[in-house]
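Contents: one structure, followed by commentary.
The values are calculated or read from the model by the stated rules, or taken from the named source; none is laboratory data. Computed from a predicted structure; not experimentally measured. Cβ: placed from backbone, ideal geometry, glycine included. Neighbour counts: every protein chain shown.
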Amino acid sequence: MKSFYAVFAGVLLLSLTVAHAAPKSEKQIFAHYMGSYPAGAKAHAHHYRMQPKDISPDNKSMLSQVGGRTTNWSLVPQEWFYGNIELRQSAELEIKRAMRIGLDGFAIDAWASPELAKPLLDIFLTICKEKNLSFSVTVCLDPSCHKVKTENYDDSAGGHIGGMHDTVRMLLSKYGDHPNLARRDGKPLIFTYSTQGFLPNDKKLLGGGKDEPARRRAKLEVLNDLRKMVRKEFNTEIFLHHDIDNEFLGIDVKQFKDSRPPHQPGPIMAEAAGVYAEGVDNLQGQDAIGGFLGINWMPEFELVAQQVKKAGKTWAIPMWHQYNNIMGSLHVQTGTDLMRTLWDQARKTDSTLIQYVTWNDYGEDTNLSPGTATRYTIYDLTAHQIKWWKTGKQPTYDHDKVYLTYRRYPSDATIYPLNSRRSAEGVLEVATILTKPGKIQLPGRSADYDAPAGLFVKQFPLFAGPVIAQVVRNSQVELEITSPDPISDKPWREANAMVCYSSEFERQWEIDFLGTPMQTYAEYGDVDSDGLPNWFEMLYFGKLGDYTTATAANPQDDPDGDGLTNLQEYAQQSNPRKKTQHYVVGHVWDLSTVHQAGATFNPDVDSTGRKVWHYLYALGERPVPLTGEYLPCPISSDKVGYAGDMVQHTPYRDSRYKQVYGWVARHKNPADGSWMIQLRPSVNVSPILAWQAPISGKVSLVIDTYAKPDGAKRKGTLTVQRSGSLELLAEIRVPQNESVSIVLPEIQVKTGDRLYIIGSHHPDYIDVMIQNLKIELVSLSK
């Protein structure tokens, strides 16, 4: 192992290229770097080894049930994760990769994992100086990662002002004269994250949106105090980037003209940006205005850019490709739509400074750095975009390139043995960069089309099967790639982020790890071609994440002795280590089993572990049409103050309708402490609880319900439908605070049929509370 590392380090250092410093105000792009995740080393490797120990169908924590926090690890040889890679070796790989795609430097998050981030800052700068590299490093001030109190300062009032002064003081005192400290216009360049967090607690919500000049002035005072310290102690100026993302965090945006509640402030973002760029009275404006992700103000990018440039300052557009915090927010679009849109806007609005978010936050799936799921695809496509942005024209190449980007499974696939709390629609995207026009074929998908030279993108519906693409000219296949990860109809855990593969994988791997066999980390691949995917063999019979154990199972064995082979267990999505439970007449599906589990997913399981409870919604003008074409609720939460416990949310917004936010939630009955289900509609949405039959036969249904008082004399509606030919089984009007029941003694169902229980689709809509819901198996079909 040591000899491999030594040889690799030597090759890596020799391959780092030398270039010269960037001229004044040139277009510059830095990547936000998380010191806690050096590629294949230290904490990152530790978590790779440790996370699988907590992932099990038997571990009922939500984090375990969705498959762990990180699913897109740094793409390095597996030996790195189980070895003891030094920080310097990891840092050399990081710089080499970043320079290869045209990045100008790293902005290290100050201080995510200070015990690693601070040494990495020093190591990066040391390598750059030793090798005379045109690569620079700085910090991004992160108020969430500074201590409240140390020997040097006390930030108990909020804002972490003392901590950030200390960070800048340390940076300039140790590295102020370093040739590779990032600079812009000759000044040390410093990025910021979430500047709302720079304000003391009593000023964060100053005026509640009613006195924005006062709140903006307070923030300018804080940042000008930082500048004063730098002038006094170092006799220099800094080039300060200002992140305006959370400008209105905690403030009701409904009060602002043309806002888009609940989270998007609207055009007032441009007004704020103009003030921060221009400054107020004797308070200096910031040198660059931009954002981290810009999620809530993307429609205002052009307006903000205009205001910033009008003040003579630098417009720094947010840049990223996806965000997937497994226990937090999910922001993804189909294929590479988001990154292409942002790069188009970067060129259109003439942004000259970018902080890419991120280089290596694998825990939030924002990593531009090659990952085990995204591999080299986003990385290489970004290289193309950087060159285009910097030069003003698309780059050309001496060979064809094909990139495949998709979700791991269709949105209607059932996840087993773990669960999902969120879902996002996906596509299969084929991006090509051809040297000359050619025909693209997707074997097994009945798709072929003509693609021009240069970058061209086409998207297709997502369905299970191998993912193969060919470039054909003159009836000859000139290039073919097959992703090691097929699209699966039997996913095992939540996966809403990208999985990618490209024709560039082997070429890029050889540059990074010369002489080391390629490792693709194909979760859904089948390395021994025995019909059992790699994840199945590692999870049940080997060691999750250790691909040397992906051949650990015999497909014909029956380890639990239930008469089903491992191959049959996989096919029917059951546990090969536990005997399969069978339903008998009299079995009751009681929704209280979900309450007892303490967490909700979509779908939720019954007492046998099968996925039967689904949370859906119907959209439309009232009365909301009940067509059977219902959509899954896209996100679930443990607890939401205004909604209840174990909440399944409909979307906040929809392109067609304005008021679509509703939910399915749990509430305790104050009378007896039992759990109730709330079906909360809104103007254009009706929430739906669905039971999916795991058997064929006859069942009975009993529901006790009432409408939640709302101060008006309205009634709710509860509707029951059966899927298939979509039959209306029952519909009742539900009075406020008066319990009524639906009793259906005999309903014929086939495996896969659904019973839809729909809340208030009538014009007279109101919350419906379900006190009791039981489905009993009356008879089984032979």
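At-a-glance table
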| read-out | value |
| --- | --- |
| Filter result (in contact (Cβ under 8 Å) with a residue 60 or more places away in the chain and among the small types (G, A, S)) within region 27-55 | A31, G35, S36, A39, A43 |
| Selection status of T382, in a helix (DSSP H, G or I) and either touching a strand residue (DSSP E or B) at 6+ places or on another chain (Cβ under 8 Å) or more than 28 Å from Q508 (Cβ to Cβ) (or both) | yes |
| Test set (1) under 30 Å from K387 (Cβ atoms); (2) of a type in the set (S, T, Y); (3) out of contact with any His (no Cβ under 7 Å at 6 or more places or on another chain) - S61 fails condition number | (1) |
| Checklist (1) β-branched (V, I, T); (2) at pLDDT 95 or above; (3) in contact with a helix residue (DSSP H, G or I) (Cβ under 8 Å, 6 or more places away or on another chain) applied to T167, failing item | (3) |
| From the options L539, L544, residue that is aliphatic (A, V, I, L, M), part of a helix (DSSP H, G or I) and crowded, with 16+ Cβ neighbours inside 10 Å | L539 |
| Qualifying residue in region 500-515 (condition: modelled with pLDDT of 95 or more and more than 21 Å from A39 (Cβ to Cβ)) | yes |
| Residues being at pLDDT 95 or above, more than 25 Å from L223 (Cβ to Cβ) and either buried (at least 18 other Cβ atoms within 10 Å of the Cβ) or in contact with a Leu (Cβ under 6 Å, 6 or more places away or on another chain) (or both) - total across region 282-330 | 4 |
| All positions within region 705-728 that are surrounded by fewer than 19 Cβ atoms within 10 Å (Cβ to Cβ) and under 14 Å from T627 (Cβ atoms) | S723, G724, S725, L726, E727, L728 |
| Cβ pairs under 7 Å, 6+ apart, first in region 338-358 and in the same structural domain as G105 (by TED's automatic domain parsing) and among the aliphatic types (A, V, I, L, M), second modelled with pLDDT of 95 or more and assigned to a helix (DSSP H, G or I) | A346/W389; I354/A346 |
| Filter result for D361 (assigned by TED's automatic domain parsing to the domain that holds M99 and either under 15 Å from the mean Cα position of the chain (by Cα) or surrounded by fewer than 19 Cβ atoms within 10 Å (Cβ to Cβ) (or both)) | yes |
| Residues (at pLDDT 95 or above, touching a Gly at 6+ places or on another chain (Cβ under 8 Å) and crowded, with 17+ Cβ neighbours inside 10 Å) located in region 257-274 | S259 |
| Restricting region 381-391 to residues that are touching a residue at least 24 places away in the same chain (Cβ under 8 Å) and surrounded by fewer than 24 Cβ atoms within 10 Å (Cβ to Cβ), the residue that is farthest from V499 (Cα to Cα) | K390 |
| Test: K147 is at pLDDT 95 or above and within 20 Å of S173 (Cβ to Cβ) | no |
| Conditions (1) under 32 Å from the mean Cα position of the chain (by Cα); (2) buried (at least 16 other Cβ atoms within 10 Å of the Cβ); number of the one not met by S144 | (2) |
| Wholly within region 154-265, helices (runs of 4 or more DSSP H) carrying at least 2 residues that are in contact (Cβ under 8 Å) with a residue 60 or more places away in the chain | 161-175, 212-234 |
| Answer residue from region 176-203, given it is at pLDDT 95 or above and farther than 22 Å from T358 by Cβ and is surrounded by the most Cβ atoms within 10 Å (Cβ to Cβ) among those | H178 |
| Qualifying residue in region 711-718 (condition: at pLDDT 95 or above, in the same structural domain as K611 (by TED's automatic domain parsing) and closer than 30 Å to L780 by Cα) | yes |
| Counted residues, region 71-92 - those being buried (at least 21 other Cβ atoms within 10 Å of the Cβ), more than 18 Å from F536 (Cα to Cα) and among the hydroxyl-bearing types (S, T, Y) | 2 |
| Sole residue being in contact (Cβ under 8 Å) with a residue 60 or more places away in the chain, on the phi < 0 side of the Ramachandran plot and among the hydroxyl-bearing types (S, T, Y), chosen from S655, S674 | S674 |
| Selected residue (criterion: surrounded by the most Cβ atoms within 10 Å (Cβ to Cβ)) from residues of region 632-678 that are within 24 Å of the chain's Cα centre (by Cα) and of a type in the set (S, T, N, Q) | Q648 |
| Any hit, region 684-701, residues being over 38 Å from the mean Cα position of the chain (by Cα), of a type outside the set (S, T, N, Q) and either surrounded by fewer than 21 Cβ atoms within 10 Å (Cβ to Cβ) or modelled with pLDDT under 95 (or both) | yes |
| Single residue of region 422-472 satisfying the filter (of a type in the set (K, R) and surrounded by 15 or more Cβ atoms within 10 Å (Cβ to Cβ)) that is farthest from E494 (Cα to Cα) | K439 |
| Hits in region 480-506 - residues which are assigned to a helix (DSSP H, G or I) and touching a helix residue (DSSP H, G or I) at 6+ places or on another chain (Cβ under 9 Å) | F505 |
| Sole residue being more than 24 Å from T382 (Cβ to Cβ) and acidic (D, E), chosen from E504, E523, E537, E510 | E537 |
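Quick grid of which residues meet (1) at pLDDT 95 or above; (2) in the same structural domain as G312 (by TED's automatic domain parsing); (3) within 25 Å of the chain's Cα centre (by Cα):
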{"site": "S3", "(1), (2), (3)": "no, no, no"}
{"site": "A9", "(1), (2), (3)": "no, no, no"}
{"site": "T17", "(1), (2), (3)": "no, no, no"}
{"site": "A21", "(1), (2), (3)": "no, no, no"}
{"site": "A41", "(1), (2), (3)": "yes, yes, yes"}
{"site": "K60", "(1), (2), (3)": "no, yes, yes"}
{"site": "W73", "(1), (2), (3)": "yes, yes, yes"}
{"site": "M99", "(1), (2), (3)": "yes, yes, no"}
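Per-residue answers, yes or no, for (1) at positive phi; (2) surrounded by 18 or more Cβ atoms within 10 Å (Cβ to Cβ):
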site	(1), (2)
G209	yes, yes
A214	no, no
A218	no, yes
E221	no, no
D225	no, no
K228	no, no
E233	no, no
L240	no, yes
